[in-house]
Amino acid sequence: MQKGPFTLSCGRDSYPILREVAISSNSNLSGRQAYAAAGVDIDAGNALVEAIKPLAKSTARTGADAGLGGFGALFDLKAAGFRDPILVSTTDGVGTKLKVAIDHGKHDTVGIDLVAMCVNDLIVQGAEPLLFLDYFATGKLDIASAKQVVAGIAEGCRQAGCALVGGETAEMPGMYGAGDYDLAGFSVGAVERDQILPSKELREGDIVLGLASNGVHSNGFSLVRKLVAQENLRYDAPAPFDKTQALGDALLTPTRIYVKPVLKAVRAGLVKAMAHITGGGLLENIPRVLPDGLGVWLGADTWQAPPIFNWLAKTGNIEAQEMARTFNCGIGMVLIVAAEHVDETKRILTAEGEKVFRIGEVEINKSTHRVMLEGAGEFWPC
């Protein structure tokens with residue numbers, strides 16, 4: 001069996017098709033028939049490969065041609081303009097948001113989520129995303145839904161400016177229920193050695209800016225799904241917090257990809273530190289980029305959380321502090337900048353389509369609770 005970017009077992013190299021199935025030694029079928037009898041459809045895998053080749057090609061960028069085939073993907077850092085680069089790598093998944101996609105029958109956005117969860121982590125260290133690879137696992141390959149997933153991945157890569165250079169698809173009968181699948185993503189980026197974030201220049205009085213999220217993004221969906229079931233809601237019915245769209249569509253709004261706007265601010269030398277607000281919310285992600293002895297004060301009245309968060313809090317009777325360490329609560333990315341750079345940073349980000357809020361300030365804090373969230377109970381009532 002061969003592995004590599006876009007590999008297919010049985011000796012073929014293409015898009016991510018990795019098949020691992022045990023074949024009974026007493027089978028009288030030919031090799032191809034035996035694999036099909038065991039539940040693996042090589043022809044379906046080949047058909048998927050052909051269907052998604054244009055999607056991968058559409059993500060080509062300087063340094064990588066995003067072509068399919070071969071055992072490894074090459075990237076030319078010099079051609080991409082780097083002089084003294086440090087590589088940064090990330091991996092992540094989409095979590096149980098996939099169950100919403102599966103149950104709602106909508107598969108074209110979770111690929112964007114997959115890319116976002118990886119590349120938004122890269123830019124926190126000042127890195128430009130360069131390459132992306134994915135892993136798609138299912139019990140029985142459905143070409144139509146798999147192509148939708150990969151189309152989303154390609155769209156996410158285009159938004160982030162990185163090349164979809166490889167991955168694997170595992171068709172594993174007996175491991176997944178009918179229609180189920182799982183996703184994992186892997187991304188590599190680069191940053192110049194002297195531009196790595198967070199900066200060592202973080203100081204008391206630096207300002208915390210928040211970039212608006214698109215909603216829940218890709219964290220906390222085990223709780224979201226529990227509340228949906230508790231309320232006996234249907235994904236094809238109007239969302240209780242937004243009657244203009246179906247609940248499933250609202251929940252599947254993809255994670256916002258902040259790469260291109262944020263990199264403009266980073267390359268202008270304006271950003272000291274960033275935090276991608278994922279699992280752990282505001283309370284647990286911001287401290288990850290703070291040096292010992294510093295914390296942040298945040299004012300919950302400085303931004304308007306989308307209606308879905310108020311619905312989650314009320315429906316689940318979730319206290320404000322618990323909301324803030326479970327969900328992004330409307331802030332998907334945090335930037336810390338010097339006070340004198342606030343206006344210019346906001347100007348750059350706003351021009352790129354981001355909603356920017358001044359949400360707090362860096363302060364001396366030597367306690368174990370390094371994020372002080374003021375007024376959350378008043379502005380996010382449960």
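The values are calculated or read from the model by the stated rules, or taken from the named source; none is laboratory data. Predicted, not measured: the structure shown is a model, and the values here were computed from it. Reconstructed Cβ throughout: ideal geometry from the backbone, glycine too, with neighbour counts over all protein chains shown. These accessible areas exclude ligands, DNA and RNA; they are computed on the full protein's heavy atoms, side chains included. Shrake-Rupley method; radii C 1.70, N 1.55, O 1.52, S 1.80 Å.
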Practice prompt. Evaluate the following for ALA144: is it under 30 Å from PRO238 (Cα atoms) and either modelled with pLDDT under 95 or touching a His at 6+ places or on another chain (Cβ under 7 Å) (or both)?
Written response: yes
Practice prompt. Mind telling me which of the residues ILE318, ILE364, ILE308 ends up being open to solvent by less than 30 Å² (accessible area, probe 1.4 Å), touching a residue at least 60 places away in the same chain (Cβ under 8 Å) and over 21 Å from the mean Cα position of the chain (by Cα)?
Written response: ILE318
Item to complete: Six or more apart or on different chains, Cβ under 6 Å: which pairs go from a residue in the stretch 90-110 that's among the hydrophobic types (A, V, I, L, M, F, W, C) to one that's surrounded by fewer than 18 Cβ atoms within 10 Å (Cβ to Cβ)? Could you list them?
Response: ILE102/GLY179
Discussion item. Suppose the filter is modelled with pLDDT of 95 or more and within 16 Å of ALA376 (Cβ to Cβ); does ILE286 pass it?
Written reply: yes
Worksheet entry | Filtered residue count, the stretch 339-353, keeping only those that are in contact (Cβ under 8 Å) with a residue 12 or more places away in the chain and open to solvent by 10 Å² or more (accessible area, probe 1.4 Å) | 7
Item to complete: Count, please, the residues in the stretch 54-77 that happen to be of a type in the set (Phe, Trp, Tyr) and either modelled with pLDDT under 80 or under 13 Å from GLY167 (Cβ atoms) (or both).
Response: 1
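Restricting to the stretch 119-154, name every residue that is part of a helix (DSSP H, G or I), closer than 24 Å to GLY81 by Cα and either of a type in the set (Ser, Thr, Tyr) or open to solvent by 10 Å² or more (accessible area, probe 1.4 Å) (or both).
Passing the criteria: only ASP121.
Just a yes or no: is a residue in the stretch 328-337 touching a residue at least 12 places away in the same chain (Cβ under 8 Å), open to solvent by 10 Å² or more (accessible area, probe 1.4 Å) and not β-branched (Val, Ile, Thr)?
For the stretch 328-337, residues touching a residue at least 12 places away in the same chain (Cβ under 8 Å), open to solvent by 10 Å² or more (accessible area, probe 1.4 Å) and not β-branched (Val, Ile, Thr): absent.
Residue-wise test of (1) in contact with a Gly (Cβ under 9 Å, 6 or more places away or on another chain); (2) open to solvent by less than 20 Å² (accessible area, probe 1.4 Å); (3) closer than 13 Å to VAL337 by Cα.
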site: ASP249; (1), (2), (3): no, no, no
site: THR255; (1), (2), (3): yes, yes, no
site: VAL259; (1), (2), (3): yes, yes, no
site: LYS264; (1), (2), (3): no, no, no
site: LEU270; (1), (2), (3): no, yes, yes
site: LEU282; (1), (2), (3): yes, yes, no
